[in-house]
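Peer 1: Sharing a structure here in structure tokens format.
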Protein chains: 2
Amino acid sequence: MLDQNPRNNHPLNQNLLNQALESGHALWLEYDDLHYVRFVDNYHGICRGTAVFDDLVVYGYPSIGRVLSLQSGLSSQFQAPFWMEEKVDGFNVRIFKLNNRILALSRGGFICPFTTDRITDFIDAGVFEHQPSSVLCGEVVGPDNPYMDGEVPYIKEDIQFFVFDIGAINETRLAAYSEKAALIDQYQLPSVPRFGRFEMKDLSQIRDILLQLNEDYREGVIFKEDSRRDHRAKYTTANINIADIQSGANTMFDLPPEYFINRLARLALFMDDHDIANTQALQQQLGNAYMEGLLFAVRQLHAHHKVFRTFRCRFHERENAVKLLARLNEAGNHVQITMHDLSLDSSGYWLLEFDKVFAKSSGTLSSSLKGSLLFD
Amino acid sequence: MLDQNPRNNHPLNQNLLNQALESGHALWLEYDDLHYVRFVDNYHGICRGTAVFDDLVVYGYPSIGRVLSLQSGLSSQFQAPFWMEEKVDGFNVRIFKLNNRILALSRGGFICPFTTDRITDFIDAGVFEHQPSSVLCGEVVGPDNPYMDGEVPYIKEDIQFFVFDIGAINETRLAAYSEKAALIDQYQLPSVPRFGRFEMKDLSQIRDILLQLNEDYREGVIFKEDSRRDHRAKYTTANINIADIQSGANTMFDLPPEYFINRLARLALFMDDHDIANTQALQQQLGNAYMEGLLFAVRQLHAHHKVFRTFRCRFHERENAVKLLARLNEAGNHVQITMHDLSLDSSGYWLLEFDKVFAKSSGTLSSSLKGSLLFD
């Protein structure tokens, strides 16, 4: 049962929770013996992904707006110096401790069986002994993850975890930058790369960092104002858009069509921002991103009659792999899950391999290959 | 007043028209002293674009489905030999005579002031003396048209008109192929290129024609079954998709996002169909199509604070140019019209020049350039 008196930094009370449940904006879920509620969308100031365990609320991680032009973005968004951190390209989780268990919530507010199983490989659980209310907000990144096409140039196998914010149970507020940095140091937590504190006059230095990230196919950065309001903005590189287009073209009809439009605009504006020439090499790379992905899907259809992608990830406990599959099957979303293999590997992990079959891409392309008439 | 008794080939009666008007599926319009009704969408078997002038109905031109794979498309769609004609890349009009005036209807059922003004440059009006109920269905193609980015390789200036079907007032039925061909010959009407009558066994000949059209950047073909049911399908070339992407990238945010997805799929399936290799040259061409269009829009914004395209077209009568501008302004659709010039040219035509300003592309890109925060 939640308190009836909301505070500024703890706005969810029992009445609002009841309303959200009644109107379908929040739903009951189960995980093992836990019953909890997740907010499926933003509702009366409560962020999507907020999760409620009896009287404990883990608030959702707030959306960060994007600027597409660096100089005008920084000067129009920030009123004070700002920190700059790398935005790593994985999936967002919140780690917290509940009744002696360390749990990981996905951005959407589901307990993630995969991250929950693996998280203590990457953080010292001691942090929660001294700071029992902490919520570590971070990114799980690496090729062997169950959610996303996870190619990043700096992680060749398995996953890693990087903290970018620290919050607290029953608090919407995230720790100030210096407080976060101190906790990271104290508990030797893995952090996203932090580039330092900048002002507008450091623009050329900021540009240099971004051009290097672009060359390295790293996604981009988050700017965090060094002020009470802690205003934030993200800014991403050109090459990550080409990489995203290549990965998306393979399952094109299963993505919102804005996926491509938005990335093309970001690419063009990064080029405009940094005077990157529209060379034949860049054009060829972009065209290749589309064609490789699409023609791969067509070849999959000819050979297997479906468009699919194979995922693999490692678990300590077999049962967590089973839970993950159940969770992915529930999620549905025109994606079917087919397990290949779940067996102990040489290093003592349970290695899960499964396919995601993309129903819309499979259906659209296969009916075209069969000669159906389309009215478009 | 329409008849109360619909026939098979004349399904619109007064009751159905009244229903359509009451429910907003048909709307009253004016053109000079004419009052007429147009169907804004398909309604109870009446095709979008159908226009009603008192008791005379000019039925809408029916949609033709598309196949994306040649062999499977032909074998699954056709039960008899079929005619093959070029699909020219312009805008669809229907030409007919009403009370001694020759009028042109757009696909949507508006009287088009531009085509109405110019149509007798391209056809001998005599056809309507002998065949007063005829409806000539054809395509207006060429760079100097008011509606579309009109680059076709075979028309360097102004427009041309090509007939592909002949219908009749108060008839949904289109003339059989042989009947149409006879009328075209008899009245020396300009026809779309006609490639002949084929069967499945002629597949390699059909392929050769399509590969030549592809090399020439021509849009594709329409297949028409030589049978009572007159079943039809269209099939388009690879290169036209790249050309469409280049033209669309310039005003990307004003197009339905499926615009690009669909063209990419058609491109990949044409390549798959005809064993066209995914060469670096092709990739570079595709990437260039996106980047040229997008970066041109960004340059327009820097220089003019808007994304626009300049159109020009010629008229015999000045008042028809004025009517066209009024018509385009009414159409709205997030596009603003700005006239540059309307003056007599050396050949005695009124030359109209105007810009279409694309509000969504202008707004989205300019707010990005100003440093706004986007939540995407």
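Peer 1: Which peptide among B:254-267, A:205-218 comes first, and what is the full order, when sorted by highest mean count of other Cβ atoms within 10 Å?
Peer 2: B:254-267, A:205-218
Peer 1: Ok, one more. Would you mind counting up the charge near B:ASP32? Only other residues with Cβ under 13 Å from its Cβ, with Lys and Arg at +1 and Asp and Glu at -1.
Peer 2: -2
Peer 1: Also, quick follow-up: Taking only complete DSSP H runs, can you tell me which helices of chain A stretch 24 Å or more along their own long axis by Cα positions and average at least -1.0 on the Kyte-Doolittle scale?
Peer 2: Membrane-span-like by this rule: A:280-304.
Peer 1: Other chains' Cβ within 10 Å of A:69-81 residues: what's the mean?
Peer 2: 2
Peer 1: Same structure, new question: Give me the dipole magnitude in Debye, nearest 20, for region B:257-367 about the Cα centre, with unit charges on the beta carbon: positive for Lys and Arg, negative for Asp and Glu.
Peer 2: That gives region B:257-367 a dipole magnitude of about 340 debye.
Peer 1: Still on this structure: Once you average over the residues of A:40-50, how many Cβ atoms of partner chains fall within 10 Å of each Cβ?
Peer 2: So the per-residue partner count for this stretch is 0.
Peer 1: 7 Å along Cα→Cβ for the label point: how many nanometres lie between A:PHE375 and each equivalent label in the other copies, listed shortest first?
Peer 2: 3.8
Peer 1: Still on this model: Could you let me know the centre-to-centre spacing of region A:169-212 and region B:336-376, using Cα atoms, in angstrom?
Peer 2: Each part's Cα centre sits 43 Å from the other's.
Peer 1: How large is the direction-averaged shadow of the alpha-carbon convex hull of the protein assembly as shown, in nm²?
Peer 2: With the hull built on Cα positions only, its mean projection is 37.9 nm².
Peer 1: Also, I was wondering about something else. If the cut-off is a Cα-Cα distance under 13 Å, which aspartates and glutamates reach B:LYS180, setting aside same-chain residues fewer than 8 apart in sequence?
Peer 2: Hits, sequence-local ones excluded: B:GLU85, B:ASP165, B:ASP226, B:ASP230.
Peer 1: Okay, moving on. Could you give the dipole magnitude of region A:305-376 about its Cα centre, charging the beta-carbon of Lys and Arg +1 and that of Asp and Glu -1, in debye to the nearest 20?
Peer 2: It works out to roughly 180 debye.
Peer 1: Restricting the calculation to Cα positions, tell me the Rg (one decimal) and the Dmax (whole number) of region A:1-145 in Å.
Peer 2: 17.1, 51
Peer 1: Distance cut-off 24 Å, Cα to Cα: go down the list A:LYS323/A:LYS356; A:LYS234/A:LYS360; B:LYS87/B:LYS156; B:LYS97/B:LYS323 and report the pairs above it.
Peer 2: From the list (A:LYS323/A:LYS356; A:LYS234/A:LYS360; B:LYS87/B:LYS156; B:LYS97/B:LYS323), the Cα-Cα distance tops 24 Å for A:LYS234/A:LYS360.
Peer 1: Right, something else. Could you give the dipole magnitude of chain A about its Cα centre, charging the beta-carbon of Lys and Arg +1 and that of Asp and Glu -1, in debye to the nearest 20?
Peer 2: Magnitude of the dipole: close to 620 debye.
Peer 1: A further question on this structure: Where the centroid of each part is defined by its Cα atoms, how far is region A:1-29 from region A:273-324 in Å?
Peer 2: Comparing the Cα centres of region A:1-29 and region A:273-324, I get a distance of 40 Å.
Peer 1: Okay, next question. Rounded if a/c is under 1.5, else prolate if a/b is larger than b/c, else oblate: which is region A:226-361, with a ≥ b ≥ c the root eigenvalues of its Cα gyration tensor?
Peer 2: Oblate shape, in that a/c is at least 1.5 and b/c is the bigger or equal ratio.
Peer 1: Normalized C-alpha radius of gyration of region A:65-236, against 2.2 N^0.38 Å?
Peer 2: It is 1.05.
Peer 1: For chain A, just say rounded, prolate or oblate: build the C-alpha gyration tensor, square-root its eigenvalues into a ≥ b ≥ c, call rounded for a/c under 1.5, and beyond that prolate if a/b exceeds b/c, oblate if not.
Peer 2: oblate
Peer 1: While we're on this one: Contact order normalised by length for region A:65-236, with contacts defined as Cα pairs under 8 Å and 6 or more residues apart; what percent is it?
Peer 2: 33 percent
Peer 1: Hey, can you grab everything whose amide H is under 5 Å from the amide H of A:PHE195? Only 5+ residues off in sequence or another chain; H modelled, so Pro and N-termini drop out.
Peer 2: When sequence neighbours closer than 5 places are left aside, the close amide H contacts are A:MET84, A:GLU85, A:GLU86.
Peer 1: Quick one: label points 7 angstrom along Cα→Cβ at B:ARG299, distances to the other copies in nm, smallest first?
Peer 2: Nearest to farthest, the other copies are at 3.7 nm.
Peer 1: To continue, here is another question. Below 8 Å between Cα atoms, with a sequence gap of 6+, how large is the relative contact order for chain A in percent?
Peer 2: After rounding, I find 14 percent.
Peer 1: Which residue, chosen from B:PRO132, B:SER72, B:MET84, occupies the Cα position most advanced towards the positive end of the dipole of region B:68-148, where the dipole is computed from +1 (Lys, Arg) and -1 (Asp, Glu) charges on Cβ about the Cα centre?
Peer 2: My answer, from the dipole projection, is B:PRO132.
Peer 1: For B:GLY65, which inter-copy label distances result when the label point lies 7 Å beyond Cα on the Cα-to-Cβ vector, reported in nm to one decimal and in ascending order?
Peer 2: With the label placed 7 Å along Cα→Cβ, B:GLY65 yields 4.8 nm.
Peer 1: Still on this model: Would you list B:GLU151, A:GLU86 from fewest to most Cβ contacts within 10 Å?
Peer 2: The most exposed by this proxy come first: B:GLU151, A:GLU86.
Peer 1: Sticking with this structure for a sec: For region B:118-205, what class follows from the C-alpha gyration tensor (a ≥ b ≥ c being the square roots of its eigenvalues): rounded when a/c is under 1.5, otherwise prolate if a/b is larger than b/c, else oblate?
Peer 2: Oblate is the answer for region B:118-205, as a/c is 1.5 or above yet b/c matches or exceeds a/b.
Peer 1: Amide H of B:ALA104 versus every other amide H placed in the peptide plane: which residues, excluding those fewer than 5 positions away on the same chain, fall under 5 Å?
Peer 2: B:CYS112, B:THR116
Peer 1: Do the sum for chain A: with -39,500 (n - 2.57) for every DSSP H run of n ≥ 4, divided by all residues, what is the mean residue ellipticity at 222 nm, to the nearest 500 deg cm²/dmol?
Peer 2: That calculation yields -10500 deg cm²/dmol at 222 nm.
Peer 1: Two decimals is fine: what is log10 I(q)/I(0) at q = 0.18 Å⁻¹ for region B:305-376, from a Debye sum with one equal scatterer on every Cα and no solvent?
Peer 2: Rounded to two decimals, the profile gives -0.73.
Each value in this text was obtained by applying a stated rule to the coordinates, not by laboratory testing. All values derive from a computational prediction rather than experimental measurement. Don't worry about glycine lacking a Cβ; one is built from the backbone with ideal geometry, like all the others, and counts go over all protein chains shown.
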